[in-house]
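The structure appears below as structure tokens.
Please treat every number below as a calculation from the coordinates, not as lab data. Every value quoted in this text rests on a predicted model; they were computed, and no experiment measured them. All Cβ positions, even for glycine, are placed from backbone atoms using ideal geometry, and neighbour counts span all protein chains on display.
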Amino acid sequence: MVMRRRGAARGALAMVLALLAGTARAQDDAAPTADVVTIERRAGYVEAVRMIATGEEAAGLEALAAILAAHGDDPDVYMLHFNAACGHARRGELEPAFAALDRAVRGGYGIHPGRRHNLKHDPDLENLRADPRWAAAVAQAEALAQAIEASWEGLISAHEFIPPPTGDAAVDAAPLPLLIVLHPYGAERAEFAQRWFEPFCAEHRFALLAPGGRKIIAPERFAFFAGPGDFVDLFRLEQRHVLAALTALRTRVAIDPARIYVAGAGQGAGFGFALAVRNPQWVRGAVLFDGGYAPVTLKDWEEQAVRFGRRIALVHRDGDPRYPLAPLEAYATQLSTRGLQVELFAGPTGPDRDGAAVAAELAARIAWIDEVPFQRQPEGGR
């Protein structure tokens, strides 16, 4: 792995800090939500929908098919399927219309009340309503929404991993270090944690706590924050949910209070940065992958974070279009000059790679964090 530590491959400090003026939005307070993706913002999507609505259904459907081929994994791709259903229905093509409508409903189009209302009343679907499959599609949308509502608390409750007993009484009685894992936009907390972070926890006997984002994008697709203003408005509230999950875990599992770490990816990394900076009294350090870090996080807390001497590792891939390395290097350098122990580690690994690579990255960065002795309340602290 190519590793770039603070000060490496940057040139003069003044030159690096000058980059900040030209990249003001690279790490602004909207940066934690830069991983938000929506099919509606894909190139050509709005134009394709306009064509369908204005009588150019064939051209619009062809454009939607091309967008689907390129971006079929977008969390809200059900919007595309719904508009494809509208296009086919307007043309009287019932079979492809119902096939697209089925994909839209199964994908989550009806889980929000406004879209459920639109499903029932959109005039573009008028040609479908006499068919028995229409009532079945509406019922399916209602059933999915009701199932999500009934199971909501379970869907967003924190996923946990506790390493099994070893049979060694001394080892099994020892308090466990804990990794708090925060998922990116459009992920599901258990699947994300199990795939990328549980291999490390199983190997190193860490407990794992993975809170779920409280915004549902589609079935099994969640977010902590869904718009540019969400982080500033909501990160304190989301922090309280994490603390509640941590408190509940500690009533059942012995957790080492000196070894609690935060890891995250995408907006989970931005959220993890906020947790680490604003809670140095209990967060030992953070390992954050491919995210954006909001300056508002530091307001009123930077001095406190410096006094505790915690370390934060920012692990980023080369060539990430959302977070180019040059602005991140400048941001990390700026924080370091103010006394925060933040370093940028750049290379090919990240939570979209295999669990073994992430485990190796975590092990190296946590060892770096642990070089600094843990202090609950440093001299001069409050």
- Task: Can you tell me how much longer the chain between R133 and V232 gets when fully stretched, taken as 0.36 nm per residue apart minus their C-alpha distance, in nm with one decimal?
- Result: 31.2 nm
- Determine the distance separating the Cα centre of region 85-164 from the Cα centre of region 31-78; give it in Å without decimals. 18
- If Lys and Arg each add +1 and Asp and Glu each add -1, what is the summed charge of the other residues whose beta carbon sits under 10 Å from the beta carbon of F374? +2
- Query: Relative to the longest principal Cα axis of the chain, at what angle does helix 94-107 sit, 0 to 90 degrees, rounded to 10?
  - Reply: 20
- If the viscosity is 1.567 mPa s and the temperature 4 °C, what Stokes-Einstein diffusion coefficient in µm²/s follows for the chain when Rh is the Kirkwood radius over Cα pairs? 57
- For the chain, modelled as a GNM with alpha-carbon contacts under 10 angstrom, which of H117, H204, H316 fluctuates the most? H117
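With contacts defined as alpha carbon pairs under 8 Å and 6 or more residues apart, what's the relative contact order of the chain in percent? List each step's numbers first, then the result.
On the way: 697 pairs, mean separation 76.1, N = 382.
Dividing the mean separation by the residue count of the chain yields 20 percent.
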- Principal axes of region 154-370: Cα extent on each, largest first, Å: 49, 40, 34
- Along region 138-146, Karplus-curve 3J(HN,Hα) (6.51, -1.76, 1.60; θ = phi - 60°) to the nearest Hz, with x for Gly and Pro, reads 4, 5, 5, 5, 4, 5, 5, 4, 5
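Any idea what the relative contact order of region 189-235 is, in percent, if you count C-alpha pairs under 8 Å spaced at least 6 apart? Don't skip to the answer; put the middle values down first.
Numbers: 31 pairs, mean separation 11.9, N = 47.
It rounds to 25 percent for region 189-235.
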- Just P164, P96, P324 to compare: in a GNM of the chain, with alpha carbon springs under 10 Å, which one fluctuates most? P164
- Query: How large are Rg and Dmax for region 148-270 when only the alpha carbon atoms are used, in Å?
  - Reply: 15.0, 50
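How high is the relative contact order of region 189-333, in percent, with contacts defined as C-alpha pairs under 8 Å that are six or more residues apart?
Numbers: 166 pairs, mean separation 21.6, N = 145.
About 15 percent, as a whole number.
Classify region 39-150 from the C-alpha gyration tensor, please: rounded if a/c falls under 1.5, else prolate or oblate depending on whether a/b exceeds b/c. Don't jump to the answer; show the numbers that get you there.
Details: a/c = 2.00, a/b = 1.25, b/c = 1.60.
Note, shape of region 39-150 comes out oblate.
With charges only on Cβ, +1 for K and R and -1 for D and E, what is the dipole size of the chain about its Cα centre, in debye, rounded to 20?
Working: 41 positive and 47 negative charges, 234 e Å.
In debye, rounded to 20, the chain gives about 1120.
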- Item | Long-range HN-HN contacts of A263 with modeled amide H, under 5 Å | I180, V181, L182, V287
- Calculate how steeply helix 230-250 sits against the longest principal axis of the alpha-carbon atoms of the chain, using the helix alpha-carbon long axis, and give the answer as 0 to 90 degrees to the nearest 10. 70
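Taking the number of other C-beta atoms within 10 Å as the exposure measure, put D233, D320 in order starting with the fewest.
Numbers: D233 10, D320 15.
In order of increasing Cβ crowding within 10 Å: D233, D320.
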- Acute angle (nearest 10 degrees) that the helix 355-370 long axis makes with the longest principal axis of the chain, alpha-carbon atoms: 30
- Amide proton proximity set for A158, modelled H, under 5 Å, gap of 5+: G212
- Place +1 on the Cβ of every Lys and Arg and -1 on the Cβ of every Asp and Glu in the chain, take the dipole about the Cα centre, and give the residue among T333, Y323, P164 whose Cα lies farthest towards its positive end. T333
